[in-house]
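Below is one structure, written out as C-alpha cells, with a few remarks after it.
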Amino acid sequence: MRHFGYQDKILLLQHGSTELLALAQRRGAQLHKLLSGTGIFEQDLHKPHGRLHHSDWLKLLQNCQQQLSSPELPYLLGSALLNSRYISLCQSLQYAQNLRQALAQLYYFRHQLFPCFYVRLYQQQHCIVIEFKPALGLANQQAFMLTVVCSLLLELIKQQLGTVAGISLQLQHSAASLQLQHQRYWGVEVSFNQSADSISIPLQLWQQGFIDADVQKFSASRRSCRQLNRVLSKQRALPESICRLQRLALPQLLNQDQVAASLGLSSSSLKRQLSQHNTNFATLLDEVRRDAARRLLQQGRYSNRQLALKLGYSDEHNFRRAFKRWTGLIPSSFKGLFNFN
C-alpha cells in the first residue's frame, strides 16, 4: 500500500473543506481570506471530486482560527460531516446495524474522511477503548482535528442510541480550561493529562441496535464508498506504516534500513520524509513500545520480565526505566490502576 505525504492530494474538498468554509462564512469570515495561502480556488469547491493537499487543509484550519473567535467550530464541523448528504461514508454510518458495524466501516474507509488519524482498539473491563493516533504530523491543529472526530462519533451515538451515558474521553493535553466547553457540546466525562487520546464506550452500547438501521441503505452506501476508492485510493501516512511494521515485528526490532526497504524507500529518503512529519525513526519505535507496554499491562497477565522480552528489551531494568519515562510510573503502579478481578 502506497503511503502519502503533505503534498499528495488525498483529501476531497467535499469531505470537510466545503462544510468548514460554509460554517466559517456564516460566522462572518470572508472566503478569499479563508483560501489565502492555500492551493484551493473558489471554482474548485464545486467540483464533485475536487481534491486538496493535506498541507492546504492545515492552512485552511489555521486561517479559520485566525479570522474567527469561534470555539464551537470543530464541534459543529463534526456534526456537519456526519449529516452531510454528499458523504456516502457518513450516510453508511447512520444505516449500520450497530456501533460495532459503524465503526468498522469508518475505520476501513477512513482515508476518505480522516486520513490524518488511525486507531488502536482494545477491551478494558466493561468497555471498549478506541485510542486515536495521529497518522502524520498535525502540528497545532491536532486538538482541532481530534475534536472534530470525537464530535462526529458522539453525535452518531446520540442520534442512533439516544444516550452517551457511561462514555468518557481521555485527552493528552492539559487544557483543563476546555472542560466546560467539552461537557457542553459532548455531555460526557472528560479527563486531561492522560497517556493517550482515547474514548471509552460501555460494552452494552457496542451491539445495541441503531434507530435508523437499514440493511439495504447500508449496502448501497457501502457500494458508493467502494466506488469512490477508484478515485481516492486507499493510502496510509508514512508514520502509520512504520508503526504497523514495528508492531508486527515485535519483539524483534527493525532498523531504519530494514523499514525503508520494506516501504520501497532509501534510508535517507525515509529520514527526510519523517522530518517533514516532525518526527524521527527512534521516536516512532519508542511510541510503538510504549503503546504495547500499556496494553499488555492492562491485561494484567505478564511479569516485568515477560513484558521486557515481548517488547525487545534486554532486561527488566531497561524496561522499567523506559516505562517510568513514558508514564511517570513504574509498571507495578500503573498495573494497580486497573482492577483485574
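With the condition kept exactly as written, say whether any residue in segment 109-118 is touching a residue at least 24 places away in the same chain (Cβ under 8 Å), over 19 Å from Arg85 (Cα atoms) and aromatic (Phe, Trp, Tyr).
Taking segment 109-118 and keeping what is touching a residue at least 24 places away in the same chain (Cβ under 8 Å), we get 109, 111-118.
Still in the running and over 19 Å from Arg85 (Cα atoms): 115-118.
Remaining after also requiring aromatic (Phe, Trp, Tyr): 117-118.
Yes: one or more hits.
Could you check how many residues of segment 265-289 are farther than 19 Å from Ala196 by Cβ and either aliphatic (A, V, I, L, M) or at pLDDT 90 or above (or both)?
Summing the residues that are farther than 19 Å from Ala196 by Cβ and either aliphatic (A, V, I, L, M) or at pLDDT 90 or above (or both) in segment 265-289 gives 12.
Give, as residue ranges, the helices (runs of 4 or more DSSP H) completely inside segment 260-341 that count at least 1 residues that are among the aromatic types (Phe, Trp, Tyr). I'd like the intermediate steps shown before the answer.
On the way: elements: 267-276, 281-299, 304-310, 316-327, 331-335.
Filter on segment 260-341 gives 281-299, 316-327, 331-335.
Mind checking which pairs have a first residue in segment 47-69 that is within 22 Å of Tyr86 (Cα to Cα) and touching a residue at least 60 places away in the same chain (Cβ under 8 Å) and a second that is open to solvent by 20 Å² or more (accessible area, probe 1.4 Å) and β-branched (Val, Ile, Thr), Cβ under 6 Å, 6 or more apart or different chains?
From segment 47-69, the pairs are His49/Val231.
Yes/no matrix, rows are residues, columns are (1) within 23 Å of the chain's Cα centre (by Cα); (2) on the phi < 0 side of the Ramachandran plot; (3) buried (at least 16 other Cβ atoms within 10 Å of the Cβ):
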{"site": "Ser269", "(1), (2), (3)": "no, yes, no"}
{"site": "Asn280", "(1), (2), (3)": "yes, yes, no"}
{"site": "Leu285", "(1), (2), (3)": "yes, yes, yes"}
{"site": "Arg295", "(1), (2), (3)": "yes, yes, no"}
{"site": "Asn304", "(1), (2), (3)": "no, yes, yes"}
{"site": "Gly312", "(1), (2), (3)": "no, no, yes"}
{"site": "Asp315", "(1), (2), (3)": "no, yes, no"}
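How many residues does segment 183-209 hold that are touching a His at 6+ places or on another chain (Cβ under 7 Å) and in contact (Cβ under 8 Å) with a residue 40 or more places away in the chain? Even if it seems obvious, please write down each step before you answer.
Let us first name the residues in segment 183-209 that are touching a His at 6+ places or on another chain (Cβ under 7 Å), namely 190, 192, 202-203.
Then keep just the ones that are in contact (Cβ under 8 Å) with a residue 40 or more places away in the chain; that gives 202-203.
Looking only at that region, the number is 2.
Give the residues of segment 205-245 that are aromatic (Phe, Trp, Tyr) and either at pLDDT below 95 or not in a helix (DSSP H, G or I) (or both), sorted by residue number.
Initially, segment 205-245 is screened for residues aromatic (Phe, Trp, Tyr), giving 206, 210, 218.
Across segment 205-245, the qualifying residues are Trp206, Phe210.
Just one of Asn140, Asn193 is of a type outside the set (Lys, Arg), outside any helix (DSSP H, G or I) and open to solvent by 50 Å² or more (accessible area, probe 1.4 Å); which is it?
The unique qualifying residue is Asn193.
Within segment 1-49, take every residue that is over 28 Å from Arg272 (Cβ atoms) and modelled with pLDDT under 90 and give me the one that is nearest to the chain's Cα centre (by Cα).
Within segment 1-49, the match that is nearest to the chain's Cα centre (by Cα) is His49.
Only one of (1) modelled with pLDDT under 95; (2) assigned to a helix (DSSP H, G or I); (3) open to solvent by 10 Å² or more (accessible area, probe 1.4 Å) is not met by Tyr122, so which one is it?
So the condition that Tyr122 fails would be (2).
Would you mention how many residues in segment 209-235 are among the aliphatic types (A, V, I, L, M) and loosely packed, with under 12 Cβ neighbours inside 10 Å? Show your work before the answer.
In the first step, residues of segment 209-235 are kept if they are among the aliphatic types (A, V, I, L, M); the result is 211, 213, 215, 220, 228, 231-232.
Filter once more, so that each one left must be loosely packed, with under 12 Cβ neighbours inside 10 Å: 211, 215, 231.
Here the count works out to 3.
The values are calculated or read from the model by the stated rules, or taken from the named source; none is laboratory data. None of the values given here were measured: they were computed from a predicted structure. Don't worry about glycine lacking a Cβ; one is built from the backbone with ideal geometry, like all the others, and counts go over all protein chains shown. Heads up: the accessible areas ignore ligands, DNA and RNA and are worked out on the full protein's heavy atoms, side chains in. Shrake-Rupley method; radii C 1.70, N 1.55, O 1.52, S 1.80 Å.
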